[in-house]
1. Among the residues of the stretch 109-129, which ones are over 23 Å from ILE45 (Cα atoms) and under 20 Å from the mean Cα position of the chain (by Cα)?
2. Out of the residues in the stretch 53-74 meeting the condition of being more than 25 Å from TYR166 (Cα to Cα), part of a strand (DSSP E or B) and touching a helix residue (DSSP H, G or I) at 6+ places or on another chain (Cβ under 9 Å), tell me which one is modelled with the lowest pLDDT.
3. Just to verify a result, which residue in the stretch 64-118, among those that are closer than 17 Å to TYR28 by Cα and β-branched (Val, Ile, Thr), is surrounded by the fewest Cβ atoms within 10 Å (Cβ to Cβ)?
4. Can we say ASN121 is touching a Lys or Arg at 6+ places or on another chain (Cβ under 8 Å), touching a residue at least 24 places away in the same chain (Cβ under 8 Å) and surrounded by fewer than 16 Cβ atoms within 10 Å (Cβ to Cβ)?
5. State whether the residues of the stretch 137-155 include one that is open to solvent by 90 Å² or more (accessible area, probe 1.4 Å) and modelled with pLDDT of 95 or more.
6. Can ASP7 be described as modelled with pLDDT under 85 and either among the hydrophobic types (A, V, I, L, M, F, W, C) or in contact with a Pro (Cβ under 9 Å, 6 or more places away or on another chain) (or both)?
7. Condition first: modelled with pLDDT under 85 and either loosely packed, with under 12 Cβ neighbours inside 10 Å or of a type in the set (Val, Ile, Thr) (or both). Now tell me which residues in the stretch 28-42 satisfy that.
Amino acid sequence: MAIYTYDIPSRAVHYDNCLLDSMLELRYLMFIEETHAFLREDIGIYYETESFSETHIISEGLRKYTPDFLVRNWVTGKAELIELKPKSYDDYYALAKRREVAEGFIKYFGYDWEYKVVFSNDFELTDRQKKKFASIVNENKECKLPQYNFQKPPTHNPLFLGYNDYTQFVKNGNLPKALRG
């Protein structure tokens with residue numbers, strides 16, 4: 001089994017109260033941020049290395065899989081656990097393992113999420129999004145972590161939810177009582 005190597009090294013970037021691992025993650029956020037709420041932090045899944053079964057009991061011999069994003073559409077409420085990959089990624093065994101772990105986790109906790117692998121060629125930025133992307137990349141030549149507060153919701157937050165309410169919306173689809181119709 002060959003291990004996939006990335007053509008371009010990953011470069012971390014700060015954006016919208018998130019620390020992103022790569023430019024692909026930033027591109028994806030540019031693509032979905034106006035239509036979806038998202039979480040980047042606190043979505044790790046612990047699993048048994050032999051069976052790939054999810055566990056919430058932390059013990060020796062576990063591995064942790066952290067998908068790239070959990071997103072929920074503001075209008076439809078549909079939630080997706082997202083794994084991003086470059087278009088040339090070809091380690092189908094690794095993707096199958098991640099799918100098995102993620103879907104087991106979703107089923108175990110009864111979440112309404114769908115697991116989805118998104119390749120870099122599955123989405124295209126608009127011209128406006130491309131300009132914003134370029135501007136953010138330029139701003140992030142030298143990131144300084146202290147200026148970011150990772151306990152704040154992203155700025156694209158049409159309901160102006162606080163961090164806890166925002167997190168609950170993304171994870172469970174729950175809105176505060178005052179906002180329910």
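The values are calculated or read from the model by the stated rules, or taken from the named source; none is laboratory data. Because the structure is predicted, anything quoted here is derived from the model rather than measured. FYI the Cβ positions are ideal-geometry reconstructions off the backbone, even for glycines, and counts take in every protein chain you see. Only protein heavy atoms, including side chains, enter the accessible area calculation; ligands, DNA and RNA are left aside. Shrake-Rupley method; radii C 1.70, N 1.55, O 1.52, S 1.80 Å.
1. SER120, ASN121, ASP122, PHE123, GLU124, LEU125, GLN129
2. The residue in question is GLU54.
3. THR66
4. yes
5. Within the stretch 137-155, none of the residues are open to solvent by 90 Å² or more (accessible area, probe 1.4 Å) and modelled with pLDDT of 95 or more.
6. Yes, satisfied.
7. Within the stretch 28-42, ASP42 is the sole residue that qualifies.
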